[in-house]
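Shown next, in structure tokens, is the structure this report addresses.
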Amino acid sequence: MKNASLGIQINQTSHRIRSYVGARIREDSGISLSPSEGMILRYIYEKQSEGVVSAKMLTERFRISKATASELLSGLIRKGLITYAPTESDGRVKRILLTDEGQKIQETLDAILSKCDEEIVAGFSEEEKQELSRLLAKVRQNVKKEGEDGE
């Protein structure tokens, strides 16, 4: 029997990792976040100290519609993890901020994700980890769409 294409293998691996990480987050913390909510929360956590994080920035960074961004943000607000604040320069733009609870959750997620990263590459040598990272970066570059930053 012929091996599955590399694209299929990468897709299957991505799906398994998402499922694994999601299960670990629920088991280890009791936090109920979708992968998309987790990515948005992480982005806000990383960027809020650099300045304004807006819904428009999320649509551009994650290539999602305004409706999808609004739905994700509404969910995070209902869970008490983010809040809106007006910007000083333009009152029409809402700045997105983590709440204290959002900050705590993100710190918990960081610890869980770090542990998952270790488990995912258990048994790999440092050289193998670096090679895998290099090869995955090359694959991302090969399929990068016009205007994407490659992240």
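The values are calculated or read from the model by the stated rules, or taken from the named source; none is laboratory data. Predicted model only: the values in this text are computed from it and were never measured. In this analysis, Cβ positions are derived from the backbone assuming ideal geometry, glycine residues included, and neighbour counts consider all displayed protein chains.
Residue by residue through the range 81-94, note down the ones that are surrounded by fewer than 16 Cβ atoms within 10 Å (Cβ to Cβ), under 15 Å from residue 57 (Cβ atoms) and charged (D, E, K, R).
Passing the criteria: 90, 92.
For residue 125, only one of the following conditions fails: (1) loosely packed, with under 15 Cβ neighbours inside 10 Å; (2) in contact (Cβ under 8 Å) with a residue 12 or more places away in the chain; (3) polar (S, T, N, Q). What is its number?
Only one criterion is unmet by residue 125, namely (2).
Sort out which residues of the range 22-67 are hydroxyl-bearing (Ser, Thr, Tyr) and over 15 Å from the mean Cα position of the chain (by Cα), and write them in order of number.
Within the range 22-67, 29, 49, 54, 65 qualify.
Out of the range 32-55, which residues are surrounded by fewer than 13 Cβ atoms within 10 Å (Cβ to Cβ) and modelled with pLDDT of 85 or more?
46
For the subset of the range 12-26 comprising residues that are touching a helix residue (DSSP H, G or I) at 6+ places or on another chain (Cβ under 6 Å) and either aromatic (Phe, Trp, Tyr) or surrounded by 17 or more Cβ atoms within 10 Å (Cβ to Cβ) (or both), which member is farthest from residue 80 (Cα to Cα)?
Here the answer is 21.
Hey, which of the helices (runs of 4 or more DSSP H) in the range 46-151, taking only ones fully inside, have at least 1 residues that are among the polar types (S, T, N, Q) and in contact with a strand residue (DSSP E or B) (Cβ under 7 Å, 6 or more places away or on another chain)?
Qualifying helices (runs of 4 or more DSSP H): 100-120.
Here are the criteria: (1) at pLDDT 90 or above; (2) surrounded by 14 or more Cβ atoms within 10 Å (Cβ to Cβ); (3) of a type outside the set (Gly, Ala, Ser). Tell me which single one residue 78 does not satisfy.
(2)
Which condition breaks for residue 29 when tested against (1) free of Cβ contacts under 8 Å to residues at least 24 places away in the same chain; (2) surrounded by 12 or more Cβ atoms within 10 Å (Cβ to Cβ); (3) closer than 20 Å to residue 120 by Cβ?
(1)
Which residue, of 95, 78, is out of contact with any helix residue (DSSP H, G or I) (no Cβ under 7 Å at 6 or more places or on another chain) and either aromatic (Phe, Trp, Tyr) or in contact (Cβ under 8 Å) with a residue 24 or more places away in the chain (or both)?
Among 95, 78, only 95 is out of contact with any helix residue (DSSP H, G or I) (no Cβ under 7 Å at 6 or more places or on another chain) and either aromatic (Phe, Trp, Tyr) or in contact (Cβ under 8 Å) with a residue 24 or more places away in the chain (or both).
Any residue in the range 57-72 that is loosely packed, with under 15 Cβ neighbours inside 10 Å and touching a Leu at 6+ places or on another chain (Cβ under 8 Å)?
no
Hey, residue 115 hits all of (1) over 14 Å from the mean Cα position of the chain (by Cα); (2) among the basic types (Lys, Arg); (3) under 29 Å from residue 132 (Cα atoms); (4) surrounded by 15 or more Cβ atoms within 10 Å (Cβ to Cβ) but one; which does it fall short on?
(4)
Would you be able to tell me the number of residues in the range 1-11 that are surrounded by 11 or more Cβ atoms within 10 Å (Cβ to Cβ) and free of Cβ contacts under 8 Å to residues at least 60 places away in the same chain?
Residues in the range 1-11 being surrounded by 11 or more Cβ atoms within 10 Å (Cβ to Cβ) and free of Cβ contacts under 8 Å to residues at least 60 places away in the same chain: 3 in total.
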